[in-house]
Amino acid sequence: MFDIDIWQEIFSTIRKNKLRTFLTGFSVAWGIFMLMVLLGSGNGLQNGVREEFADNAENVMWMWTGRTSIPYQGLKEGREIRFNNDDTDFLKEEAEGIEMVSARFFLSGDVTFSYGNEYGSFSTVSCYPALQDMEKIKVSSGRFINQIDMNEFRKSVVIGDDIRKALFKEEDPLGKYINIGSVPFMVVGVSYDPRARDNRQAYMPFTTAQRIYGGGNRVHNYAVTTTMVKTVEEADAISDKIREQMARRHSFDPTDRRAMGSFNMLSEYIRTMKIFQAIKMFVWIIGIGTLIAGIVGVSNIMLILVKERTREIGVRKALGASPSSVIGLVLLESILITTVAGYFGLVMGVGLMEGLNFGLEKMLEGGGGDQIFFRNPTVDFVTAISATVILIISGALAGYVPARKAARVKPIEALRDE
Amino acid sequence: MIVLNNVHKSYVTGNNSLHVLKGIDLEIGAGEFVSIMGSSGSGKSTLLNILGILDDYDQGDYVLNGRTIRNLNETNAAVLRNELIGFVFQSFNLISFKNARENVALPLYYQKVSRRKRNLIAMEYLDRMGLKEWADHLPSELSGGQKQRVAIARALISNPKVILADEPTGALDTTTSFEVMEILKEVNDQGITVIIVTHEHDIAAMTKKIIRLKDGVIEEVIKNGELKMYREKVMAE
């Protein structure tokens, strides 16, 4: 393979037909370039949307209550449905399709937080420790609410980064007491949302909130994680099952979405990812189509080349060239053109997308990138490798037909003096 | 060296079948210097192709160097051509982008001889043809006679048993034609069988045996002694 003579011959024919080789190579390079740009853009879009889901675990389901809108088993519509602590126990221990549970008790509206002379109005979320995993809450210092806080009704609070900045400036907030409303809470942790959405929120133990703010055994809503599944149908079936179980407990029609509202993230997540799979396939089809056009070009050129070199091939055969050595010559040239040109296209395409990514990151760092549904529009290593493999295979494919034709050249016909 | 026994060959194009060789019986011993003559359409090129294992035959036997040549696949045919036969063509058929030395060395390349070694041997053969100084020249920079000498060097480099020359002087003027024939004669003197196809009487007259083909059969074979008479006859014309 790495025979200097073969390469010498290939390069001499390429040198003789510079423009033709360039144009052929260009069509292949363009094909790969477009494939990379399309794939990169598809990835960028997908990453952008995935980022939207990144605030929560994919399998989170939220449930909240309202008034019934459908009469059920002799009960009139307009009846108020309320969750309570028994529901929490049920969801945790008996309900099917549920893994983790966090209940929430609402504190009405924003509450004034104060520390020393600093104060501000922020929102408070009461929760179970499981909420950290469900909503992917990042704790930058200290810890999140834990089970001991829950059991002992501790007045512990995890404050968002904006609250920390407002109340503490440069001071270390851990272990300090702040007043929420008129109740002192000890800061046990600071949470940080890189997307700056939840930085004005404070988290406190559900049990504490329920007791302090006079909730009795009332629960306002639930965040739960459901069993991980692969299809939308399965995900929908799980949420239907959960709705049915809650409907039975509170006697309302399971289809009554006003009595109990719910949102199953997993269905949405799977549905969205399905769309991206389809887009990705579409991109591959277009990209490969473009590539095929380039390959047909190479094949065409090689055919002409074989035709032009019929006499030379005949001479070689008369001198003892085996058919396989003739095939090797044509095939190698074809592979060389497609690989070099394709690699060039690959580098250009990947380079463009990396450049775009660089610009995008700069923009995000500068803030205000929140509206952009486009993240990291690059092509991963495996895709680049598979594109390269496709290239080499397609080069071989492009060379195969002409090479076979070359191998069939009959020396007599080639050498006839006409 | 070469034995042909009732060899037939037809070319089929569409519905037409052209019976070109109609039973050739021929024996050429080792070290002979033979010319094949005949008008166009007599089948001399076809015969040469069969002798050179460039084409199959339909019927009969062809024994080359003690081996029956029949139903060879392309790879085996290529190996035999490479080992046993050296070709010289009318239009030289040198590879245009290779210099003289590389052209001469080509048969050895197909024998997988290392580059260094085959270039060394090629130089030796070029030297024998008096073309040592032209080794680095491309064919386009050589005269017709030089090109044919390079082609002969290429035919000889693999130490063949037989040299098959198809109109070797067809593209050359008289002086260079005689030079080339002189070289072929020297080659023959070293014991290599030389077979040339020609339609020129004066070229055929320089060989030791003339085989005249007509309409696909051997019309006459003129040997050594008779050749003298033949020469005189040609001179008289």
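Using modelled backbone amide H atoms (1.01 Å from N, in-plane), which distant-in-sequence or interchain residues come within less than 5 Å of residue B:214's amide H?
Under 5 Å from the amide H of residue B:214 lie the amide H atoms of B:219, each far enough along the sequence or on another chain.
Could you tell me how many degrees, from 0 to 90 and to the nearest 10, lie between the Cα long axis of helix A:381-407 and the main elongation axis, the longest principal axis, of the Cα atoms of chain A?
20 degrees
Of the trypsin sites (Lys or Arg not before Pro) in segment A:142-233, which ones lie in a loop per DSSP and count no more than 12 other C-beta atoms within 10 Å? Provide the component values of the computation, followed by the final result.
Working: sites: A:143, A:154, A:155, A:164, A:165, A:169, A:176, A:195, A:197, A:200, A:211, A:218, A:230; in loops: A:143, A:154, A:155, A:169, A:176, A:195, A:197, A:200, A:230.
For trypsin sites (Lys or Arg not before Pro) across segment A:142-233 that sit outside H, G, I, E and B with at most 12 neighbouring Cβ atoms in 10 Å, the list reads A:169, A:195, A:197, A:230.
What's the FRET efficiency of residue B:189 with residue A:393 using the Cβ-Cβ distance as r and R₀ = 35 Å, to the nearest 0.05? Don't jump to the answer; show the numbers that get you there.
Working: r = 56 Å, r/R0 = 1.59.
Approximately 0.05, to the nearest 0.05.
Per 20 Å bin, what percent of the C-alpha pairs of the protein assembly as shown does each bin hold, from zero upward?
Percent of Cα pairs in each bin: 15, 28, 17, 14, 15, 10, 1.
Can you pull the mean other chain C-beta count within 10 Å for peptide B:158-167?
On the way: counts 2, 0, 0, 0, 0, 0, 1, 0, 3, 1.
Partner-chain Cβ atoms within 10 Å, mean over residues of B:158-167: 1.
Below 8 Å, C-alpha to C-alpha, sequence gap of six or more: please give me the relative contact order for chain B in percent. Walk me through the numbers before you get to the answer.
Numbers: 448 pairs, mean separation 66.1, N = 237.
Relative contact order for chain B comes out at 28 percent.
Calculate one ³J(HN,Hα) per residue across segment A:348-356 by plugging θ = phi - 60° into the Karplus curve 6.51 cos²θ - 1.76 cosθ + 1.60, and present them in order as whole Hz with x for glycine and proline.
4, x, 4, x, 4, 5, 5, x, 4
Whole-Å semi-axes of segment B:100-189's equivalent ellipsoid, largest first, each the root of 5 times a Cα gyration tensor eigenvalue?
Details: eigenvalues 91, 47, 23 Å².
Each semi-axis is the square root of five times an eigenvalue, giving 21, 15, 11 Å.
Starting from the amide H of residue A:138, placed 1.01 Å from N in the peptide plane, find each other amide H under 5 Å away whose residue is 5 or more places distant or on another chain.
Correct list: A:192.
In percent, how large is the relative contact order of chain A, given Cα pairs closer than 8 Å and 6 or more residues apart? Kindly include the intermediate steps, with their values, before the conclusion.
Working: 726 pairs, mean separation 116.0, N = 418.
Value for chain A: 28 percent.
Dipole of segment A:47-108 (Lys/Arg Cβ +1, Asp/Glu Cβ -1, origin at the Cα centre): which of A:103, A:56, A:78 lies farthest to the positive side?
My answer, from the dipole projection, is A:78.
Between residue B:114 and residue A:272, with labels modelled 7 Å along Cα→Cβ, what's the label distance in nm to one decimal, could you check?
6.6 nm
What residues qualify as long-range amide H neighbours of residue A:125, i.e. H under 5 Å apart, gap of 5 or more or another chain, H built at 1.01 Å from N?
Close amide H contacts, sequence-distant or interchain: A:202, A:203, A:204.
Can you give me the C-alpha center-to-center distance between segment A:140-155 and segment A:162-179, rounded to a whole angstrom?
17 Å
Along the charge dipole of segment B:2-236, which of B:129, B:217, B:82 sits closest to the positive end, that is, farthest toward it, with unit charges on the beta carbon of Lys, Arg, Asp and Glu (+1, +1, -1, -1)?
B:82
I want the antiparallel fraction of DSSP beta bridges within chain B, as a percent rounded to 5. Each step should come with its number before you reach the end.
Working: 22 of 39 bridges.
Beta bridges within chain B, antiparallel portion: roughly 55 percent.
Karplus couplings for segment A:197-212 from phi (6.51 cos²θ - 1.76 cosθ + 1.60, θ = phi - 60°), rounded to Hz, Gly and Pro as x?
8, 10, 6, 9, 10, 10, 10, 10, x, 4, 4, 4, 4, 4, 6, 5
Looking at the square roots a ≥ b ≥ c of the eigenvalues of the Cα gyration tensor of segment A:195-239, which shape do they give, rounded for a/c under 1.5, prolate if a/b is larger than b/c, or oblate? Could you put the intermediate results ahead of the total?
Numbers: a/c = 4.05, a/b = 1.67, b/c = 2.43.
Oblate shape, in that a/c is at least 1.5 and b/c is the bigger or equal ratio.
Using 1/(1 + (r/R0)^6) with R0 = 41 angstrom and r between the beta carbons of residue A:401 and residue B:5, what's the FRET efficiency to the nearest 0.05? The partial results should precede the final answer.
Working: r = 40 Å, r/R0 = 0.99.
In this case the efficiency is close to 0.50.
By how many degrees, 0 to 90 and rounded to 10, does the Cα axis of helix B:100-109 deviate from the longest principal axis of chain B?
70 degrees
At residue A:70 and residue B:132, where each label point lies 7 Å from the Cα along Cα→Cβ, what is the point-to-point distance in nanometres?
Going from the residue A:70 label point to the residue B:132 one covers 10.6 nm.
Assign one of three labels to segment B:2-236, namely rounded, prolate or oblate, based on the Cα gyration tensor with a ≥ b ≥ c the square roots of its eigenvalues; rounded applies when a/c is under 1.5, prolate when it is not and a/b is larger than b/c, and oblate otherwise. Before the final figure, lay out each step's value.
Values: a/c = 1.82, a/b = 1.29, b/c = 1.41.
Oblate.
Angle between the Cα long axis of helix A:265-308 and the longest principal axis of chain A, 0 to 90 degrees, nearest 10?
10 degrees
Looking at the protein assembly as shown, send over the antiparallel percent of its DSSP beta bridges, to the nearest 5.
The answer is about 70 percent antiparallel.
Charges at C-beta only: +1 for Lys and Arg, -1 for Asp and Glu. How large is the resulting dipole of segment A:108-212 about its Cα centre, in Debye rounded to 20? Present the calculation step by step, with values, prior to reporting the outcome.
Details: 13 positive and 13 negative charges, 15 e Å.
Here segment A:108-212 has a charge dipole of around 80 debye.
Mind checking segment A:114-170 for GluC sites (Glu not before Pro) that DSSP puts in a loop (not H, G, I, E or B) and that have at most 13 other Cβ atoms within 10 Å? Intermediate values should be presented prior to the final figure.
Numbers: sites: A:118, A:135, A:152, A:170; in loops: A:135, A:152, A:170.
Passing sites in segment A:114-170 are A:152, A:170.
Within segment A:57-76, whose backbone N sits under 18 Å from a point 7 Å along Cα→Cβ of residue A:244?
A:73
Give the shape of segment A:108-212 as rounded, prolate or oblate, defined through the alpha-carbon gyration tensor: a ≥ b ≥ c are the square roots of its eigenvalues, a/c under 1.5 means rounded, and otherwise the shape is prolate if a/b is larger than b/c and oblate if not.
On the way: a/c = 1.44, a/b = 1.12, b/c = 1.29.
Judged from the Cα gyration tensor, segment A:108-212 comes out rounded (a/c under 1.5).
Over segment A:108-212, what relative contact order in percent results from Cα pairs under 8 Å that are six or more residues apart? Intermediate results must be reported in sequence, preceding the final value.
Numbers: 217 pairs, mean separation 40.0, N = 105.
Contact order relative to length: 38 percent.
All of the numbers you see were taken from the coordinates with simple rules; none came from a lab. The structure displayed is predicted, hence computed values, not measured ones. Every residue, glycine as well, gets a Cβ built from its backbone with ideal geometry; the counts of neighbours run over all protein chains shown.
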